[in-house]
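Step one of this worksheet: look at the structure below.
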Amino acid sequence: MKNDIYELTRKRRSVRRYGSEHIDDEIISEIMKVALTAPTSFGHKPVEYVVVRDKDMIREIGACWVHIRNRMGQRGTSDQEIRSLLGVPEGYTVLNLVAIGEKGETKKAYTDADLHTENVHYEKY
């Protein structure tokens, strides 16, 4: 049985070097449409997004998917640092960052042998 989702995600890799190609506004708009359709608790849509295009700001922030919660930055918590950089108002928490861009490096796709199946638990840990 072919699993299209697995085929797509096994090729997805963390990228820490990006090319210089500008991402077209139409592509960013389409990505944001997908993000805005994400399900939320009780349909409240509490998630806010900040799209950063400025290269200096991008260098200041980070690379691939970045989990923020309970992580320390160089001058405080990661949440505090990112909120300060992006002007996020008090009362909001930054959960994560997602970098999007032209890959500046190539990595092999995962294979079944790379999977840590021992990390999967059924019913209970």
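Scanning segment 97-107 for residues that are part of a loop (DSSP other than H, G, I, E, B) and touching a residue at least 24 places away in the same chain (Cβ under 8 Å) gives VAL98, ALA99, ILE100, GLY101, GLU102, GLY104, GLU105, LYS107. Applying the criterion of being surrounded by 10 or more Cβ atoms within 10 Å (Cβ to Cβ) and farther than 20 Å from ILE23 by Cβ to the residues of segment 41-57, the residue that is modelled with the highest pLDDT is VAL47. Is one or more of the residues making up segment 71-91 surrounded by fewer than 11 Cβ atoms within 10 Å (Cβ to Cβ) and within 20 Å of VAL15 (Cβ to Cβ)? No, every residue in segment 71-91 fails to be surrounded by fewer than 11 Cβ atoms within 10 Å (Cβ to Cβ) and within 20 Å of VAL15 (Cβ to Cβ).
Checked against (1) aliphatic (A, V, I, L, M); (2) in contact with a helix residue (DSSP H, G or I) (Cβ under 6 Å, 6 or more places away or on another chain); (3) not in a loop (DSSP other than H, G, I, E, B), VAL94 passes all but condition (3). Going through (1) assigned to a loop (DSSP other than H, G, I, E, B); (2) under 30 Å from ASN3 (Cβ atoms); (3) modelled with pLDDT of 85 or more one by one, ALA113 falls short only on (1). Scanning segment 21-40 for residues that are of a type outside the set (Val, Ile, Thr), at pLDDT below 90 and more than 30 Å from ASP114 (Cβ to Cβ) yields a single hit, HIS22.
Among the residues in segment 104-116, are any acidic (Asp, Glu), surrounded by 10 or more Cβ atoms within 10 Å (Cβ to Cβ) and closer than 21 Å to VAL15 by Cβ? Please lay out each step first, then the result.
Restricting attention to segment 104-116, the residues satisfying the condition of being acidic (Asp, Glu) are 105, 112, 114.
Checking which are surrounded by 10 or more Cβ atoms within 10 Å (Cβ to Cβ) leaves us with 105.
Now restrict to residues that are closer than 21 Å to VAL15 by Cβ: 105.
Yes - at least one qualifying residue is present in segment 104-116.
The values are calculated or read from the model by the stated rules, or taken from the named source; none is laboratory data. Source: prediction; values computed, not measured. All Cβ positions, even for glycine, are placed from backbone atoms using ideal geometry, and neighbour counts span all protein chains on display.
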